[in-house]
Amino acid sequence: MNERISDFSKAKEKYLKFIKSQEVLGEPFRDKLRQFNNFYIPISKMIYKNYLKNKKTRIIGISGGQGSGKSTISQFLKIILKVQFNLDTVVFSIDDFYKTRRERQKMSKKINHLFLTRGVPGTHDSAMLYKCLKNFKKKLFKKFLIPRFDKSIDERCLKNKWIKVLKKPDIVIFEGWCVGAIPQKKFNLKKSINELEKFEDKNLIWRKKVNKELNNMYKKIFSLIDELIFLKVPSFEHVFKWRLLQERKLKKRSKGKKVMNNKEIKKFIMYYERITRNMIKTLGPKAKILINIDAKHRLKTIKFN
């Protein structure tokens, strides 16, 4: 165990190779090495040590605003946990559990038209997500599928593209923008925080339903997380800037499929604004690990609670 914890040379080599292959350098190379030493090593050590306590599957939640780097960090940790500690790790996103467009159309007609747009609690198949996380906790493991969602067509992928979980993993990394989010007090819902709420949710039906979902099914889902890592963005204003960057990357990968323009992105993130702002205020002390991200999109500080 001590040898595994002290020598990370093989993991570092694999990490740097992955960075180059995925073109995620972004910042100076020395900063990537600093992140490896100061962030990924202590996080992976914590995960490994906690796993050794009973050697049962542990669910790690990674949460943060859009564009904060959740997906990339999840892949980095998966590499290190495998190379350094020989831990089999499954990674997936809450985004993959979005309801189909048809299901959201039904919600939009029945409850409020804003539910047609994916994003907020209530637009995920929460029953499927809860069942998925419970499957990892079962003593008698049975193979199952994790859905995939194609954002470029705003629809769930066909089953032949879903993730096959054939054996019980040691670690599950469950990432998503609202993972671990808590509901607001009802009186906090009254005041609109953007144009979307002001003009398209005048009667508060949408935001009340979203808040209720957080307080019920999503609370049950998040209770299955063993450790939560929260990537705290400097402000909500940075979310728009980083979401633009995400969309450009999506455009590159999607080979001509429709992506959002700047105006559409600005409106789109209004759906996320209320919960994101509340997470920035409340989630830091509740997370096992708090990582502050600076205005230049770099991991700045880490705190273990």
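We did not get these values from a lab; they are worked out from the coordinates using the rules stated. Everything numeric in this text was worked out from a predicted model, so none of it was measured. Glycine gets a Cβ as well: all are built from the backbone with ideal geometry, and neighbour counts include every protein chain shown.
Specify the angular offset, from 0 to 90 degrees and rounded to the nearest 10, of the alpha carbon long axis of helix 270-282 from the longest principal axis of the alpha carbons in the chain.
Once rounded, one gets 50 degrees.
Over 26 Å between Cα atoms: which of Lys12/Lys134; Lys106/Lys159; Lys55/Lys220; Lys10/Lys131; Lys137/Lys300; Lys10/Lys286 fall into that group?
Lys12/Lys134; Lys10/Lys131; Lys137/Lys300; Lys10/Lys286
Pop the C-beta distance of Asn86 and Arg248 into the FRET formula with R0 = 41 Å and round what comes out to the nearest 0.05.
0.65
Hey, what angle do you get for helix 237-253 against the long axis of the chain, alpha-carbon based, 0 to 90 degrees rounded to 10?
Once rounded, one gets 80 degrees.
So what is the 222 nm mean residue ellipticity for the chain from helices alone, if each DSSP H run of at least 4 adds -39500 (n - 2.57) and you divide by all residues, rounding to the nearest 500 deg cm²/dmol?
So the helix-based figure for the chain works out to -13500 deg cm²/dmol.
Can you tell which of Gly176, Leu290, Val83 lies farthest toward the positive end of the dipole of the chain, using +1 and -1 charges on the Cβ of basic and acidic side chains (Lys, Arg; Asp, Glu)?
Gly176
Assign unit charges at the C-beta atoms only (+1 for Lys and Arg, -1 for Asp and Glu), then state the dipole size of the chain relative to its Cα centre in Debye, rounded to the nearest 20.
760 debye
Report the residue, chosen from Ser71, Ser63, Ser223, that carries the largest GNM mean-square fluctuation when the chain is represented by alpha-carbon nodes joined by springs under 10 Å.
Greatest mean-square fluctuation among the candidates belongs to Ser223.
Among Cys132, Cys157, what is the fewest-to-most ranking by other Cβ atoms within 10 Å?
Neighbour counts put them in this order, fewest first: Cys157, Cys132.
Between Met128 and Lys106, what length comes free when the chain is fully extended (0.36 nm per residue of separation minus the Cα-Cα distance, one decimal in nm)?
6.1 nm
Among all the lysines, which ones have a C-alpha under 17 Å from Lys267's C-alpha, if same-chain residues fewer than 8 places away are not counted?
Lys151, Lys198, Lys202, Lys241, Lys258
If packing is taken as the mean number of other Cβ atoms within 10 Å per residue, what is the order of 262-273, 86-97, highest first? Numbers along the way, then the final one.
On the way: 262-273: 16.1, 86-97: 19.0.
Per-residue mean Cβ counts within 10 Å order the peptides as 86-97, 262-273.
DSSP beta bridges in the chain, what fraction antiparallel, as a percent rounded to 5?
Taking every DSSP beta bridge within the chain, about 35 percent pair in antiparallel fashion.
Going by average Cβ neighbours within 10 Å, how do the peptides 114-123, 158-167 rank, with the highest at the top?
114-123, 158-167
Mind checking which of Gly61, Gln35, Met46 is farthest towards the positive end of the chain's charge dipole, using Cβ charges of +1 (Lys, Arg) and -1 (Asp, Glu) about the Cα centre?
Gly61
Going by how many other Cβ atoms sit within 10 Å of their own, how do Lys296, Lys55 line up, fewest first?
Least to most surrounded, the residues fall as Lys55, Lys296.
What nm distance separates the two modelled labels at Ser152 and Ile205, each placed 7 Å from Cα along Cα→Cβ?
So the label points at Ser152 and Ile205 sit 3.6 nm apart.
Give me the angle, in degrees from 0 to 90, between the Cα long axis of helix 70-85 and the longest principal axis of the Cα atoms of the chain, rounded to the nearest 10.
Relative to the chain, helix 70-85 is tipped by roughly 20 degrees.
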